[in-house]
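Right, one structure below, let's go through it.
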Amino acid sequence: MLVRITIFLIILTVIWCFLIRLYLKDDFEKIIKLSFDKNYCPWYICITGILMYTDIALILASAFYLLFLR
């Protein structure tokens, strides 16, 4: 079950990043602000970070499960 959740969350993260890229495609000012202003962190970037850190934790947990507990 852990491996299935990991795969689902990775797919969700890829789709989320694709949607964020589409959202920012035409807004050059936001892209520059995201790139150079370290204090600017909109809600969608925070969610992206949370998803990526969760992916890393689940990948490590899945690897531990598949290597040692199965």
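The values are calculated or read from the model by the stated rules, or taken from the named source; none is laboratory data. Not measured: the values here are computed from a predicted model. FYI the Cβ positions are ideal-geometry reconstructions off the backbone, even for glycines, and counts take in every protein chain you see. The area values use the complete protein model at the heavy-atom level, side chains included, leaving out ligands, DNA and RNA. Shrake-Rupley method; radii C 1.70, N 1.55, O 1.52, S 1.80 Å.
Those residues that are of a type outside the set (A, V, I, L, M, F, W, C), without any contact (Cβ under 8 Å) to a residue 12 or more places away in the chain and open to solvent by 80 Å² or more (accessible area, probe 1.4 Å), I need them from the range 37-67; list them, please.
The answer is Lys38, Asn39, Tyr53.
Of (1) in contact with an Asp or Glu (Cβ under 6 Å, 6 or more places away or on another chain); (2) in a loop (DSSP other than H, G, I, E, B), Asn39 satisfies all except one. Which?
Failing condition for Asn39: (1).
Could we say that Leu34 is assigned to a helix (DSSP H, G or I), of a type in the set (A, V, I, L, M, F, W, C), in contact (Cβ under 8 Å) with a residue 24 or more places away in the chain and surrounded by 11 or more Cβ atoms within 10 Å (Cβ to Cβ) here?
Spelling it out, it is not the case that Leu34 is assigned to a helix (DSSP H, G or I), of a type in the set (A, V, I, L, M, F, W, C), in contact (Cβ under 8 Å) with a residue 24 or more places away in the chain and surrounded by 11 or more Cβ atoms within 10 Å (Cβ to Cβ).
I want to confirm something. Restricting to the range 13-31 and keeping residues that are in contact with a Leu (Cβ under 7 Å, 6 or more places away or on another chain) and of a type outside the set (A, V, I, L, M, F, W, C), which single residue is least open to solvent (accessible area, probe 1.4 Å)?
Narrowing the range 13-31 to residues in contact with a Leu (Cβ under 7 Å, 6 or more places away or on another chain): 13, 16, 30-31.
Now restrict to residues that are of a type outside the set (A, V, I, L, M, F, W, C): 13, 30.
Values: Thr13: 10, Lys30: 54 Å².
Across the range 13-31, the extreme among qualifying residues is Thr13.
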